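Here, each number is a calculation from the coordinates, and none is a lab measurement. Quantities reported herein were computed from a predicted structural model and do not represent experimental measurements. Neighbour counts are summed over all protein chains in view; Cβ atoms, including those assigned to glycine, are modelled from backbone coordinates with ideal geometry.
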Amino acid sequence: MTQAMTHALTVHQMRAEHCFAYLIVDPDAREAVLVDPRADRVPQYLADLEERGLRLRAVIETHTHADHLSGAAELRARTGADVLLSAHATSEVATGRLQDGDRLPVGRHEVRVLASPGHTDDSISLVLDDALLTGDALLIGGAGRTDFQNGSPAALYETLHRRFAALPDGLTVYPGHDYAGRTHSTLGQERQTNALLRLTDEDRFVSALSASRQPKPANMDAIVAANTRGLRPSPRIMPEELAAALGGAPAPLVVDVRLPAEYDAVHLEPSLSLPLAELPGRRDELPRDRELVLVCRTGSRARLAADALPGFPTRVLEGGLVAWQEAGLPVVEGKAHMSLERQVRIAAGALASVGGVLAVAVSPWFGLVPALVGAGLVYAGVTDRCGMAMMLGALPYNRRRAPSAGAAPAGAATCAAPVTDPAAGSCAAPIDPSAR
Ligand code: FE
């Protein structure tokens, strides 16, 4: 946790993976507001508030999150704090709405609301005396992507180049995410180095953001639905407690809701693999008279699963399989499923090599094989449609362990397997390096 002083309000930054939550505190009045809390960190937030002797006045969401589960509903239920979102947000959790220019009291001070649409239409920023909490409207060296949740490149241009224009260079920028280990910046620094703030031509700005195609955050639709409706708080079970319970009678049924390929790579035993996307159609396979412990990588998908199983006696493994392994508890490790992309590379390379050898040794006509493979790869690169991947995907090996229809790809969201590009499947907009 890092700490920075405003003139009177204090901003405490709390990182969880690529996400930041913020506690804005008036230390004299012992009052705080919590910005963008995550569902899996609620116990820590409550412990932190208690330790500091603070009353939580309100939870503020800078926008409806698509990449992680919000802790707002649980915090409202447990503390009675208001939950405040933009007037443009669709939310059953909000107890109050924020408009551009609103001044929200925190103790004896105020935080100013600055509507910041673009990443989503319900995005807001919070202006303090010397700090700017930007949500995903402005990230360090970038900005939130604009290709879902009523996002708009033109609206983001308006926000970054007109709505932020009157703000001073000296404001410390606290973003909603960072995918490169950074914590904060200043508006002046961003104006000098951030490609999107340097891109003053509106048409080029809009086309730079419109051209990109990225995977959506993992399980995005289910996460947005849960955040909009208000995630039901899930009882938790700690790894050591589960290990003890599995040795007792009756033992809980462990249901692993990750993708089959993730389950194959590593899982705890005994457990049942039932991917999150298949849960709605298969919930009748689960007993209602036996405790279910829901497991995923770090806990977010398991929370979504618990939310999708009303009436079942569920608990969520706190910290997921990561925490289980960190506690030194046993797992079964298997062979990770080879990605389709890797299979395509191997198949294309093998075909090209064999074709080349046969062209030399048998007949020049075999030279057509590498030529056709090369042309196919170019076509796949240009159109993003790969015939070889489709054929390989239909093989029994891939059908058995391929993600089910509707299952989210592994991505950068909280419970997903890591990906090569840390920002893929994230909330950050990809930036064309030529856009300067
Ligand atoms: Fe976002």
Practice prompt. Please identify every one of the trypsin sites (Lys or Arg not before Pro) in region 284-353 that sits in a loop by DSSP and has no more than 10 other beta carbons within 10 Å of its own beta carbon.
Written response: Lys335
Item to complete: With both partners inside region 2-210, how many of the DSSP beta bridges are antiparallel, as a percent to the nearest 5?
Response: 65 percent
Fill in: Where only alpha carbons of region 228-333 are counted, the Rg and the Dmax (Å)
12.7, 39
Practice prompt. For region 217-241 and region 100-149, write down the distance between their C-alpha centroids in whole Å.
Written response: 24 Å
Response to the item:
Expressed in nanometres to one decimal, the distance between label points 7 Å along Cα→Cβ at Val360 and Asp201 is 4.9 nm
Fill in: Label point 7 Å beyond Cα of Val332 along Cβ direction - residues of region 293-312 with amide nitrogen under 12 Å
none
Worksheet, complete the sentence: Taking r as the C-beta separation of Ala154 and Ala249 and R0 as 56 Å, the FRET efficiency to the nearest 0.05 is 0.35
Item to complete: State, to one decimal in nm, how far the label point of Met391 lies from the label point of Arg103, with both points 7 Å from Cα in the Cβ direction.
Response: 7.0 nm
Worksheet item: Using the alpha-carbon centroid of each, what span in Å lies between region 244-291 and region 6-81?
Response: 32 Å
Worksheet, complete the sentence: PRE zone check, label point 7 Å out along Cα-to-Cβ of Arg112, amide N under 17 Å, scope region 127-141, hits 127-135
Discussion item. Can you give the log10 of the normalised intensity I(q)/I(0) at q = 0.14, 0.15, 0.16 Å⁻¹, computed with Debye over equal Cα scatterers of region 2-210?
Written reply: -0.77, -0.89, -1.02
